[in-house]
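Visitor: Questions regarding the structure given below will be posed in turn.
Where a number appears in this text, it was derived from the coordinates with a stated rule and is not lab data. Quick caveat, the model's predicted, so the values are computed rather than measured. Glycine also receives a Cβ, built like all others from the backbone with ideal geometry; neighbour counts cover every protein chain displayed.
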Amino acid sequence: MNVIRTEGLTKTYVTGTNEVHALRGVDLTIGTGELVAIMGSSGSGKSTLMNLLGCLDSPTSGGYELDGVRVEGLGKNELAAIRNQKIGFVFQGFNLLPRTTAVENVELPMLYDRSGRKRDPRALAIRSLERVGLGDRLDHQPSELSGGQQQRVAIARALVTEPALVLADEPTGNLDSRTTIEVMALFQELNDSGITIVLVTHETEVAVYAKRIVEVRDGRIVRDVPVKNRRLAATDLQEVAA
């Protein structure tokens, strides 16, 4: 089963008489249970690709199927519903509400869920925080948490709706090296439980924890390979602690 399948995906931005071809015909398939790192330098098109995969923007042309749903051509409200129900987002800046507790931050996506599936948002939020090792930090505000703990709250928030896909945009960009390994250990653990994760990063030392690397350059995929000598973050953590 594919979570992501794109065919000839293009994105062109027009400013005045200038056309910027951010994506130039991207074919990409990501199966259930994969952990994929999308890499590329600034201006390569990787951020545009992430925005399209996350249903934050619409392609100029081409097709996109997310968890069995054809996405291209959907309206804003339909895209918002897809984002809420099928995608969990993790961002570099955590994007937590500052004067709100961890459990209230994790409850947020369920406030926008109009499907009626979530009967007890608080219980689900608590379970999600326990899953990322923060069951004892439910009532802490972001200012009372370390950077790594804040990112764990953000990951718990991404997981709480049980999405088909977790999309993480530079999730370790604001973290030190040890905390980066801790967060990647959590991603690997979640992936081992069957969660599909797509990670956008420019750091090779982060991408080596993925199972597969997709490299974007000049709006095209130039490399799509399995990770050789894949690193296990849990093992690296033990070595750091030793």
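Visitor: Under the 0.36 nm per residue contour assumption, what length would be gained going from the current alpha-carbon distance of ARG24 and ASN229 to full extension?
Guide: 70.7 nm
Visitor: Take every DSSP beta bridge whose two residues both sit in the chain, then give the antiparallel share in percent to the nearest 5.
Guide: 60
Visitor: Now for a separate question. How high is the relative contact order of the chain? Use alpha-carbon pairs under 8 Å, at least six apart in sequence, and give a whole percent.
Guide: Relative contact order comes out at 27 percent.
Visitor: What's the extension gain from ARG220 to LEU56 if we count 0.36 nm per residue and subtract their Cα-Cα distance?
Guide: Result for the pair: 57.1 nm of gain on full extension.
Visitor: Apply 1/(1 + (r/R0)^6) to the Cβ-Cβ distance of ARG99 and LEU237, taking R0 = 30 Å, and write down the FRET efficiency to the nearest 0.05.
Guide: The value I calculate is 0.40.
Visitor: Let me ask you something else. Could you run the Karplus curve 6.51 cos²θ - 1.76 cosθ + 1.60 with θ = phi - 60° over the range 230-238 and give me ³J(HN,Hα) per residue in whole Hz, x for Gly and Pro?
Guide: Those phi angles translate into 4, 8, 9, 5, 4, 5, 4, 5, 5 Hz.
Visitor: Let me ask something else about it. First check a/c for the range 5-157, with a ≥ b ≥ c the square roots of the eigenvalues of its C-alpha gyration tensor; if it is under 1.5, answer rounded, and if not, answer prolate when a/b is larger than b/c or oblate otherwise.
Guide: Prolate.
Visitor: Let me ask something additional. Rounded to the nearest 5, what is the percent of antiparallel bridges among the DSSP beta bridges in the range 140-242?
Guide: 60
Visitor: Between ASP169, ASP120, ASP192, find the one with the highest GNM mean-square fluctuation for the chain; connect C-alpha pairs within less than 10 Å.
Guide: Per the Cα network of the chain with a 10 Å cutoff, ASP120 tops the list.
Visitor: Per the helix-only calculation at 222 nm, which mean residue ellipticity applies to the chain, given -39500 (n - 2.57) for every DSSP H run of n ≥ 4 and division by its residues, nearest 500 deg cm²/dmol?
Guide: -10000 deg cm²/dmol
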